[in-house]
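Report on one structure; see the data block that follows.
Each value in this text was obtained by applying a stated rule to the coordinates, not by laboratory testing. All values derive from a computational prediction rather than experimental measurement. Cβ placement follows ideal geometry from the backbone for every residue including glycine, while neighbour counts extend to all protein chains displayed.
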Amino acid sequence: MKIPVLVDDYSMYEQHMEFDSSEQLAVDMIKANDHVAFGLHGCYADYWLPHYRTFLAEIHASGNLDIGRGSQ
């Protein structure tokens with residue numbers, strides 16, 4: 001199955017999107033789609049790391065959270 005990455009943190013870097021807007025986009029995508037993959041990059045951690053715990057709690061409340069661990 002292919003799951004497109006609908007949300008990532010690049011817009012916070014490239015478009016100077018505020019974290020709250022990026023978080024709302026992620027939540028909206030999760031609510032609107034059966035499966036959503038999103039990525040957070042370490043190189044942009046300054047944009048999202050201070051909000052990480054509350055972000056995970058918010059998206060977990062919006063759907064089923066499966067944290068990918070790569071191939072095992």
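Numerical summary
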{"quantity": "Selection count where residues are over 21 Å from LYS2 (Cβ atoms) and in a loop (DSSP other than H, G, I, E, B), scope the stretch 13-49", "calculated": "4"}
{"quantity": "Restricting the stretch 3-12 to residues that are within 12 Å of the chain's Cα centre (by Cα) and not in a strand (DSSP E or B), the residue that is nearest to GLU58 (Cα to Cα)", "calculated": "ASP9"}
{"quantity": "Matching entry among MET17, MET29 (being free of Cβ contacts under 8 Å to residues at least 12 places away in the same chain and surrounded by 12 or more Cβ atoms within 10 Å (Cβ to Cβ))", "calculated": "MET17"}
{"quantity": "Test: residue in the stretch 36-47 that is within 13 Å of SER62 (Cβ to Cβ) and surrounded by 13 or more Cβ atoms within 10 Å (Cβ to Cβ)", "calculated": "yes"}
{"quantity": "Subset of the stretch 48-61 [over 12 Å from the mean Cα position of the chain (by Cα) and surrounded by 15 or more Cβ atoms within 10 Å (Cβ to Cβ)]", "calculated": "none"}
